[in-house]
Each structure stands twice: as C-alpha cells, then as structure tokens.
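The values are calculated or read from the model by the stated rules, or taken from the named source; none is laboratory data. Note that the structure is predicted; figures quoted are calculated from it, not measured. Note: ideal-geometry Cβ built from the backbone for every residue, glycine included; neighbour counts use all protein chains shown.
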Amino acid sequence: MTEREIPSMCQHRPSCPSADSADRESARLVAHHPEQGWSLLCNGVVLFEDTGELLPDGQVIAPHRPLGAGRVVTAA
C-alpha cells in the first residue's frame, strides 16, 4: 500500500513552507477562527491557539508554548 500524497494548497510565489518543514508555522493564513481557537494555514496545517498543530497527514504536534520569563517551574 502506498501513502497518499496530499496536494499543496499554496499558490503563493515564493511558495510557503511545506507542512513537514521546521518553519511550517510561517505559512500564510487561509482561515482564521479566533473564537474557536484555530487557524488554517495554506500548507494544510491547522494551528491551535495553545500552539498545538494538526498536520495534513493527521499527525498531532503537541503544544510548544514557551514559559513566560517570570515563571519558574520546579520539580516537587
């Protein structure tokens, strides 16, 4: 069985980063729904308000929000 190729939605020149590149979050917005907490990028990535992501192939990227400079986390 072969893996299905997902076509790129990006029509920009130069093209936006692909969904599997490290800078995928810099792709342009296609749809933005802040009231629901998500945005669709032109590379097919769904970007969530908590910085989590859903890639076009179904892979989930866990939230990766940096801690605030004033917050310190210590182990109990």
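In region 62-70 there is at least one residue matching the filter, namely being modelled with pLDDT of 90 or more and either in a loop (DSSP other than H, G, I, E, B) or in contact with a Ser or Thr (Cβ under 7 Å, 6 or more places away or on another chain) (or both). All told, Pro34 falls short of being modelled with pLDDT of 90 or more and either in contact with a helix residue (DSSP H, G or I) (Cβ under 6 Å, 6 or more places away or on another chain) or acidic (Asp, Glu) (or both). Of all residues in region 17-43, those that are part of a loop (DSSP other than H, G, I, E, B) have Cβ atoms under 7 Å from Cβ atoms of residues that are aromatic (Phe, Trp, Tyr) and surrounded by 10 or more Cβ atoms within 10 Å (Cβ to Cβ), 6 or more apart or on another chain, in Gly37/Phe48.
Does region 42-53 contain at least one residue that is surrounded by fewer than 16 Cβ atoms within 10 Å (Cβ to Cβ), of a type in the set (Gly, Ala, Ser) and at pLDDT 90 or above? No; the residues of region 42-53 include none that is surrounded by fewer than 16 Cβ atoms within 10 Å (Cβ to Cβ), of a type in the set (Gly, Ala, Ser) and at pLDDT 90 or above.
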